[in-house]
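See below for the structure under consideration.
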Amino acid sequence: MIGQSAGVALAVLLLAALGTFFTSSRATMTTHAVRAVPVDWQVQVSPGTSISKSSATVAATRGVTAELPVGYADTSGLSSRNAGTVQTTGPGVVLGLPPDYATTFPGEIRPLVGATTGVLLAQQTAANLGASVGSTITIGRPGQSKTTVTVDGVVDLPAADSLFQSIGVAPGSAPTAPPDNVVLLPESMWHGMFANAAPGTSSTQIHVQLAHDLPADPGAAFAQVIGRAKNLEAALAGGGLVGNNLAAQLDGARADAIYAEMLFLFLGLPGVIIAALLAGVIASSGRERRRREQALLRVRGASPKRIVRLTWAEAILVAIAGTVVGVIAATAVGRIAFGTSSFGATTGQALAWAGASVVFGLGLSVATIVVPAWRDVRTLSVHDAQATGSTGRDRRPVWARAYLDVICLALGGLIYWQAVRSGYQVVLAPEGVPTISVSYFTLLAPLLFWIGTALLIWRISTELLRVGRGWLRVATRPLAHRLAGVVAASMSRQRRGLSRGVVLMALTASFALSVAIFNTTYTSQSRVDAQLSNGADVTVSTTAATGLPAGISDAVAKLPGVAAVQPMQHRFAYVGNDLQDLYGVDPATIGQATSMSNAFFANGDAARTLQTLGSTPNGVLVSEETVHDFQLQPGDTVNLRLQFASDHAYHQVPFTYVGVAREFPTAPHDSFLVANAGYVAQATGSPASQVLLVRTNGSPTTVAAEVQQLLGPASGATVKDIVTEQRITLSGLTAIDLAGLTKLELVFALLLAAGASGLVLAVELGERRRTFAIASALGAKGRQLGSFVWSEAAFVAIGGLALGALSGWWIAQVIVKILTGVFDPPPEHLSVPWAYLAGLLVAVSAAIAVAGAGMLRAIRRPAMPILRDL
């Protein structure tokens, strides 16, 4: 009974611990979603409504911690005189900001050059006008005369999409992209310029910061934020509409929770099933004892109902003991692995998950104890129940006769092929905005493969033991010597038990291998993803208008901890009317400072693509979207408009289309261009680089600090390191930190593998103690008995590990392929954790050795006491 309770406890422990993973992941999603929003609410004040009264109403709303009015005004165009030429732009937006706006909402404005207050230009606007600090620009005002201002600084607007959103309009009726031309003015200056603005050309928003004391569950937090926004709109009584940025982010986090469910299906559920199977094997070890006890009770007059009630009492006792131990252990494990001991993000979720764990423990006990006993009472006579060994004909199971294994594998292969052919991705990024898209039908592929391989392994091992006595005789000869034939015959007769051991061993090995490979691949790709976003170990960047200081590459290369340095141009180019990022590189040397993955390019060959680009001086790599929009063919001429250094105007420059780039260091996800830096410099008259990629052989954080000190505060350059970027990446949509989950899963996989090998072998050999005792009474020596034990142990271990390794590698391949969108860029190959697998092999070998040695010690006792015990 202790062993059965331990088996139930192990299964309940794993299931309940997964509940703490859900709690942790959901709370992490909520925290990261809230942190990513620079302005929680943008309240659009209706025309004619008092700004002061609206601000007072907003300030009185529950949860509001800060509110500031922001003026929005249309401009008919901007112009700037530079070096004797006049640069003009199209329409834009002029914002009026309160003095403390940047400190209240630090995520909205990122200073680049010059002052952080006063008249500020957006980075793209400065590039369009060729303006910088000290430049004079003219602002066109609809219905009024033009006015001039002097630029105090250049800034970046990281959250421009939400800052310039259209609030309260029907989808599709307003521009989806933020304006290209933006001027930021102090609040008082803005009011002076636009106090008499034409109707419909100016408006006011109230930007709001909320207290982030929200529920841990993103769904509950979303509902709370939505409710507060509706309450505010009701209080404004038509005087304003709420642009709920925080709710939009939390809504995305609710979808991200689906990803956690997928990880549970792929990484957690198989472990729970294996733990349940192991508990069933442990329970089956007492089945013969129960049969004899039931037969004795029936002889003494006990009715079948009374026997089943007694079995129920045993099952409930096992369930209570196992569930209590499992839940308590899961609480401790959750605290260690995930930092929380709760089973849910809300009280309801916690109670539901804890209740499910209790029901699961009880159900497992009933399935492994009560159901077999009930079936025996109904189908076996007293004589059959008192007999030892199996009864009845040796018939193949129904699933084997129906070829269920082949059907599952075929269906899984069909679903997998369909998913690969259609290019299914769990994470989509239209226009750079990541979203979840889950096809649960596709998730059937790994499940069907898992079931199909388990049944196929059972079929293979059973048939091998049934018809392969000759092969078994040869294979066991090194262990059994002259008894090889007898051992082979014995193993053939015990094929059901041995096949069960092989299957369970293979399942645990497959589970451990697939989880370990996925985790290692995920971890290695997270660094690749961070490097793709950051550009390199350390990246220095500045605006397209200025460029990095001359000689900075050589200076950075001399710093300690720097392995390689490569400059890169970051300009802007018009493809038709579409403004895209353009990166100028040296194709022959760019790979020295950053990784050039094959997945970056459509042909899957980074070396060949860069070689082609380098051999075509005016070559250009474009995005797949651009190829589709302009129907390009390799070798076509693409006329881009680049900004020339001579007059700061955009002029046409011919390029030759030579390939497709899907990703590139620091590039956006949607559309960008990659060209030869030398050709760009020659065409524009400016060799200046805006990005410096640095590969380190030391601490990236330390090198970044040294580079920042070298540049000085007046450079206007931004320095980022991969360590910081990886923390940001691991806070994103597809980057739930798997460290705790995989640590838990890998430890359990190790325990389950050792348990499956050792316990199953011990159970199988324990059921044959009577046979071994009789053989010992007839004169069998310990070495001869050992040949039976070690031959069966070798069959279970070698067969289970070999077949489990094959199936585990394939299932890992399927999981990684189906979850391709989780990896950005997709991995070129699977990463194998050899150290963990070596530890797994050692643990399994040790468990088998302990089980075999224990059985040999038991059967070396005098035969008569063993027979009396049995």
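Residues that are crowded, with 17+ Cβ neighbours inside 10 Å and part of a loop (DSSP other than H, G, I, E, B) within the stretch 605-625 comprise Thr616, Asn618, Ser623, listed in sequence order. Filtered by the rule that a residue be surrounded by fewer than 19 Cβ atoms within 10 Å (Cβ to Cβ) and modelled with pLDDT under 90, the stretch 72-93 gives Arg81, Asn82, Ala83, Gly84, Thr85, Val86, Thr88, Gly90. The single condition among (1) closer than 21 Å to Ile273 by Cα; (2) at pLDDT below 75 that Val433 does not satisfy is (1).
Matching residues to (1) crowded, with 18+ Cβ neighbours inside 10 Å; (2) hydrophobic (A, V, I, L, M, F, W, C); (3) touching a residue at least 24 places away in the same chain (Cβ under 8 Å):
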residue	(1), (2), (3)
Val208	yes, yes, yes
Ala211	no, yes, yes
Gly219	yes, no, yes
Ile226	no, yes, no
Lys230	no, no, no
Gln249	yes, no, yes
Arg254	yes, no, yes
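Quick test for you: out of Val707, Val653, pick the one residue that is crowded, with 20+ Cβ neighbours inside 10 Å and in a strand (DSSP E or B).
Values: Val707 fails: in a strand (DSSP E or B).
Answer to the selection: Val653.
Filtered by the rule that a residue be surrounded by 23 or more Cβ atoms within 10 Å (Cβ to Cβ) and assigned to a loop (DSSP other than H, G, I, E, B), the stretch 110-156 gives Ala131, Val151. Filtering the stretch 350-369 to residues that are touching a residue at least 24 places away in the same chain (Cβ under 8 Å), surrounded by fewer than 22 Cβ atoms within 10 Å (Cβ to Cβ) and over 28 Å from the mean Cα position of the chain (by Cα) leaves Val358, Leu362, Val366, Ala367.
Condition first: of a type in the set (Lys, Arg) and either crowded, with 21+ Cβ neighbours inside 10 Å or closer than 22 Å to Leu613 by Cβ (or both). Now tell me which residues in the stretch 552-592 satisfy that. Let's see the steps before the verdict.
Residues of the stretch 552-592 that are of a type in the set (Lys, Arg), as a first pass: 558, 571.
Result: Arg571, single match.
The selection criterion, being under 30 Å from the mean Cα position of the chain (by Cα) and modelled with pLDDT under 70, does not hold for Gly755. Among the residues of the stretch 472-498, just one is modelled with pLDDT under 80 and hydrophobic (A, V, I, L, M, F, W, C), namely Ala480.
Only one of the numbered conditions (1) of a type outside the set (S, T, N, Q); (2) farther than 30 Å from Leu507 by Cβ; (3) modelled with pLDDT under 90 is not met by Phe664, and that is (3). Would you say Gly412 is at pLDDT 55 or above and in contact with a Phe, Trp or Tyr (Cβ under 9 Å, 6 or more places away or on another chain)? Against the criterion (at pLDDT 55 or above and in contact with a Phe, Trp or Tyr (Cβ under 9 Å, 6 or more places away or on another chain)), Gly412 qualifies. Considering only residues that are β-branched (Val, Ile, Thr) and buried (at least 16 other Cβ atoms within 10 Å of the Cβ), look in the stretch 626-650 and name the one that is modelled with the highest pLDDT. Only one residue fits best here, namely Val638.
Per-residue answers, yes or no, for (1) under 28 Å from Leu129 (Cβ atoms); (2) outside any helix (DSSP H, G or I):
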| site | (1), (2) |
| --- | --- |
| Gly584 | yes, yes |
| Ser595 | no, yes |
| Ala599 | no, no |
| Asn603 | no, yes |
| Val627 | no, no |
| Leu632 | no, yes |
| Arg641 | yes, yes |
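Here Thr116 meets the list (1) more than 20 Å from Tyr72 (Cβ to Cβ); (2) in contact with a Lys or Arg (Cβ under 8 Å, 6 or more places away or on another chain) almost entirely, failing just condition (2). Reported count of residues in the stretch 94-109, each being surrounded by fewer than 19 Cβ atoms within 10 Å (Cβ to Cβ) and either in the same structural domain as His651 (by TED's automatic domain parsing) or in a loop (DSSP other than H, G, I, E, B) (or both), is 5.
Step by step: first the residues of the stretch 205-259, then only those that are among the polar types (S, T, N, Q) and touching a helix residue (DSSP H, G or I) at 6+ places or on another chain (Cβ under 7 Å), then the one that is nearest to Thr103 (Cα to Cα). Which residue is that? Step through it out loud before you land on a result.
Taking the stretch 205-259 first, the residues among the polar types (S, T, N, Q) are 205, 209, 224, 231, 244-245, 249.
Then keep just the ones that are touching a helix residue (DSSP H, G or I) at 6+ places or on another chain (Cβ under 7 Å); that gives 209, 244-245, 249.
Working: Gln209: 12, Asn244: 21, Asn245: 19, Gln249: 22 Å.
Looking at the filtered set, the residue picked out is Gln209.
Yes or no: Gly485 assigned to a loop (DSSP other than H, G, I, E, B) and either in contact with a strand residue (DSSP E or B) (Cβ under 9 Å, 6 or more places away or on another chain) or over 30 Å from Leu752 (Cα atoms) (or both)? Judged against the criteria, Gly485 is not a match.
So which residues in the stretch 1-43 are of a type outside the set (Asp, Glu) and not in a helix (DSSP H, G or I), if there are any at all?
First pass over the stretch 1-43, keeping only residues of a type outside the set (Asp, Glu): 1-39, 41-43.
Once the filter is applied, which keeps residues that are of a type outside the set (Asp, Glu) and not in a helix (DSSP H, G or I), the stretch 1-43 yields Met1, Ala36, Val37, Pro38, Val39, Trp41, Gln42, Val43.
Checking each residue in the stretch 1-26 for being at pLDDT 75 or above and either hydrophobic (A, V, I, L, M, F, W, C) or under 21 Å from Val225 (Cβ atoms) (or both) picks out Ala6, Val8, Ala9, Leu10, Ala11, Val12, Leu13, Leu14, Leu15, Ala16, Ala17, Leu18.
The values are calculated or read from the model by the stated rules, or taken from the named source; none is laboratory data. Worth saying up front: this structure is predicted, and the values here are computed from it rather than measured. Neighbour counts run over all protein chains shown; Cβ positions are idealised from the backbone, glycine included.
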